[in-house]
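The values are calculated or read from the model by the stated rules, or taken from the named source; none is laboratory data. This structure is a prediction, so every number in the text was calculated from the model and none was measured. Here the Cβ is made from the backbone with ideal geometry for all residues, glycine too, and neighbour counts use every protein chain on show. Quick note on the areas: whole protein, heavy atoms, side chains included, nothing else; ligands and nucleic acids left out. Shrake-Rupley method; radii C 1.70, N 1.55, O 1.52, S 1.80 Å.
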Amino acid sequence: MKAVVKTKKGEGFVELLDVNEPTFGETDVLVEVNAAGICGSDLMILHDFFPGYNVPVILGHEFSGTAKQVGSKVTRVSVGDRVVSETHAYICNSCTYCKSGFYNLCLSRKGFGYGLDGAFTKYVKVREPIIHLLPDSIDLDDAAALEPLAVVVNALTRNSKISLGDSILIIGPGPIGLLALQVAKLSGARAVTVVGTEHSMRRLELALKLGANRVITDLELNDGLSRQNEGYSDSFDVVIITTGTPTAFEPALKAARKAGTVIHIGESTKQASFQFSLIEKKNLTVQGSFSHNWPVWEKAISLVENKKVNLSSLITHKLSLENWKSGFDLAESREGVKVLIKP
């Protein structure tokens, strides 16, 4: 089968190759991939920014598909079922985090697309415990965007909370930011402002369509923050950082009101430099959030099933496996929002 493979460490070294179909065990499901979304972490691996990835490895971890074959001890999944999968391709099942239900934080965790072979290919082997069955009402292409929604649900409903009437600032209008916008509105936010760069105007326009009360550029945000001592009044109850840009952290701390909350979801491998005393002086709560687990996935699926979250509006491009490079370019240039590869 064809697959998009990171062949060795370093800038580039991603190729479309012929690879063997995966072998699977008695508790595994062989999933035929319908669609797989391009994530910022895929771009980071392309450019050798992502830490700890294995090579060679098939990229891709946001995917939907159909159960092609099932192992002899699989009980919940049948051949032909429409499915999605969590990203935890391997966990140890024995560390404190695994035993307490936070297996997304497993000390030995290996994710699809960097630790073990992922979904930019025809078939992917998946452990039965991380497979979720899809309701018939959810489009299989849309379902490929459920993984970033699960990330957002974990961040905003489990690791932190948005209260009724809160004012929200979201820094970063990518897929995570646009999903955070929708979940924040569902959680009772009074007003949501989304910040992007001048290169993200298409995404900011989409934010308005999805319910943002206001969109501004990062330059406008920084200009306003520089005038705080002149009576500039924008102070937000909750600031959500959904970009991996390290320069976003200090504006987030400045934009949060005293005793407010800053939530960091965006993937980043770069060192951030910021005024550390802002956390103490403003009595801020700073919350990180990583990945997801079973309960938040089920909640994410329910939100889409009940038409509370719109995934299809985020999907701007669908390309064949052979056109993976064009897909990566669309995602990196921000012309695309969520770009799908269709094996």
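Between GLU298, GLU305, the distinction of being open to solvent by 50 Å² or more (accessible area, probe 1.4 Å), over 28 Å from VAL4 (Cα atoms), of a type outside the set (S, T, N, Q) and touching a Pro at 6+ places or on another chain (Cβ under 6 Å) belongs to GLU305 only.
Considering (1) touching a helix residue (DSSP H, G or I) at 6+ places or on another chain (Cβ under 9 Å); (2) not in a loop (DSSP other than H, G, I, E, B), the lone condition that GLY60 does not fulfil carries the number (2). Of all residues in segment 18-54, those satisfying the criterion of being aromatic (Phe, Trp, Tyr) and under 24 Å from VAL339 (Cβ atoms) are PHE49, PHE50, TYR53.
Condition check ((1) of a type in the set (S, T, N, Q); (2) modelled with pLDDT of 90 or more; (3) touching a strand residue (DSSP E or B) at 6+ places or on another chain (Cβ under 9 Å)) across all residues:
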position	(1), (2), (3)
GLY196	no, yes, yes
ASN213	yes, yes, yes
GLU220	no, yes, yes
ILE240	no, yes, yes
GLY244	no, no, no
GLY260	no, yes, yes
THR269	yes, no, no
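For segment 109-117, state whether one or more residues are basic (Lys, Arg) and either assigned to a helix (DSSP H, G or I) or under 20 Å from the mean Cα position of the chain (by Cα) (or both). Yes, segment 109-117 has at least one match. Pairing residues of segment 27-52 that are under 17 Å from LYS9 (Cα atoms) with residues that are β-branched (Val, Ile, Thr) and assigned to a strand (DSSP E or B), at Cβ distances under 7 Å and at least 6 apart in sequence or on separate chains, gives LEU46/VAL14. Taking first residues from segment 126-147 that are part of a helix (DSSP H, G or I) and partners that are crowded, with 21+ Cβ neighbours inside 10 Å and of a type in the set (Lys, Arg), the Cβ contacts under 6 Å between residues at least 6 apart in sequence or on separate chains come to ALA145/LYS338. The condition (being more than 25 Å from the chain's Cα centre (by Cα) and at pLDDT 90 or above) is satisfied by just one residue among GLU250, GLU280: GLU280.
Close Cβ contacts (under 8 Å, 6 or more residues apart or on different chains) running from residues in segment 197-213 that are on the phi < 0 side of the Ramachandran plot and in contact (Cβ under 8 Å) with a residue 12 or more places away in the chain to residues that are open to solvent by 30 Å² or more (accessible area, probe 1.4 Å) and of a type in the set (D, E, K, R) comprise THR197/ASP218; HIS199/ARG334; SER200/ARG334; ARG202/ARG334; ARG202/GLU335; ARG203/ARG334.
Among the residues making up segment 58-79, those that are surrounded by 20 or more Cβ atoms within 10 Å (Cβ to Cβ) and of a type in the set (A, V, I, L, M) are ILE58, LEU59, ALA67, VAL70, VAL74.
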